[in-house]
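Encoded as structure tokens, the structure appears first; notes follow it.
The values are calculated or read from the model by the stated rules, or taken from the named source; none is laboratory data. Since the model is a prediction, treat every value here as computed from it, not as a measurement. Neighbour counts run over all protein chains shown; Cβ positions are idealised from the backbone, glycine included. Note: areas computed on protein heavy atoms with side chains; ligands, DNA, RNA excluded. Shrake-Rupley method; radii C 1.70, N 1.55, O 1.52, S 1.80 Å.
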Amino acid sequence: MRLLFIFLDGVGLGADNTETNPFSGLEMPILQSLLGGHRLLAASAPYIGQRATLLALDAGLGVNGLPQSATGQAILLTGINIPAEIGEHYGPKPNPAVAKYLLNGNLFNTFTKAKRKSALLNAYPPGYFQGVDSGRRLYSAIPLAVTSAGLPLFTKDDLFAGRALSADFTGAGWTGMLGFPDAPVLTPHAAGAKLAQLAGEYDFSLFEYWASDYAGHKQDMKWAVEQFKIFDGVLGGLLDTWKDEEGLILITSDHGNMEDLSTRRHTNAKVPALLIGSSTARASFSSGLKDLAGIHDKILEAALPIPSDK
Ligand SMILES: [Zn+2]
């Protein structure tokens, strides 16, 4: 069964407080319909509905301090409690100690070795590659994992040809901030349908969304609300196109941040794991899942089953 992993950076399950938590006041009709009318809040988990399951996962893993992106993402990609091994949460970009774990093996590597198709669905602008090539920019954990598996990072050409998605889903950032006026711009619904279509070409695909962590650091309620209105539209297009009998969607995060705009730092909040798919696939993925370190094995169980003769 294929698995689509939508990674939302810096999204925890927070309090029902419209002053500090964008998820508290914002209407997200698609998400709320999945959650039986509930919002993406701490009080809403656990929830098991017709098409979706919401779990609250521990991101601290018994290590003091606030969880960070390099270790958090590396935990998701390797299943190893790296903060416990190196003695700290570390981020945002992997240092050599964290990179070592990713280079030793990660989800993308495992799928590649098993001759299964996997991809990171984000398209990166030319400036990103120039930064990496010149040494000015370090890979974050997810692109590091992808490239270490010998897989390509998608480019502007892939975006224009419809083989990849913009990091903001719709492509508005390419025509605006990035300065490519002829870049394709999709409605949120069309971007969600495109995401489902692209995921349909792989056994395992990942889409990385970082605007949530950014909004948290900037403590920008207005921007956070605008981004997640778009995200709800994307979910609508995704759900209209996705076939539950063919695959499972996982939406989770590395640590809290955006759900508490009273601080510009990360939080110790539990993170949501939203599963969308058949009730049997969701039950099996949820079973015994308590923290971020459990996600890796669950993804392999769902999308890369061990042959029964072994
Ligand atoms: Zn951050």
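Data for the structure
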read-out	value
Residue that is more than 28 Å from Asn106 (Cα to Cα), more than 16 Å from the ligand (Cβ to nearest atom) and touching a strand residue (DSSP E or B) at 6+ places or on another chain (Cβ under 8 Å), where the choices are Leu35, Leu55	Leu35
Scan of the range 8-17 for residues that are away from the ligand (no atom under 16 Å from the Cβ) and farther than 11 Å from Leu261 by Cβ, ordered by number	Leu13, Ala15, Asp16
Residues (within 16 Å of the ligand (Cβ to nearest atom) and either open to solvent by 20 Å² or more (accessible area, probe 1.4 Å) or among the basic types (Lys, Arg) (or both)) located in the range 196-212	Trp210
The range 85-101 - residue that is touching a Phe, Trp or Tyr at 6+ places or on another chain (Cβ under 9 Å) and within 26 Å of Tyr214 (Cβ to Cβ) and, of those, most open to solvent (accessible area, probe 1.4 Å)	Lys93
Lone unmet requirement of (1) more than 14 Å from Ser148 (Cβ to Cβ); (2) within 16 Å of the ligand (Cβ to nearest atom); (3) not hydrophobic (A, V, I, L, M, F, W, C) for Pro94	(1)
Residue check, Lys229 part of a loop (DSSP other than H, G, I, E, B) and more than 16 Å from the ligand (Cβ to nearest atom)	no
The range 247-261: number of residues that are over 14 Å from Ala42 (Cβ atoms) and assigned to a strand (DSSP E or B)	6
Candidates Trp242, Trp223 - the one that is buried (at least 22 other Cβ atoms within 10 Å of the Cβ), of a type in the set (A, V, I, L, M, F, W, C) and touching a helix residue (DSSP H, G or I) at 6+ places or on another chain (Cβ under 7 Å)	Trp242
Of all residues making up the range 245-260, the number that are within 16 Å of the ligand (Cβ to nearest atom) and either in contact with an Asp or Glu (Cβ under 7 Å, 6 or more places away or on another chain) or open to solvent by less than 20 Å² (accessible area, probe 1.4 Å) (or both)	8
Single residue of the range 261-274 satisfying the filter (within 16 Å of the ligand (Cβ to nearest atom) and of a type in the set (Gly, Ala, Ser)) that is most open to solvent (accessible area, probe 1.4 Å)	Ser262
Lone unmet requirement of (1) under 20 Å from Thr110 (Cβ atoms); (2) assigned to a loop (DSSP other than H, G, I, E, B) for Asp244	(1)
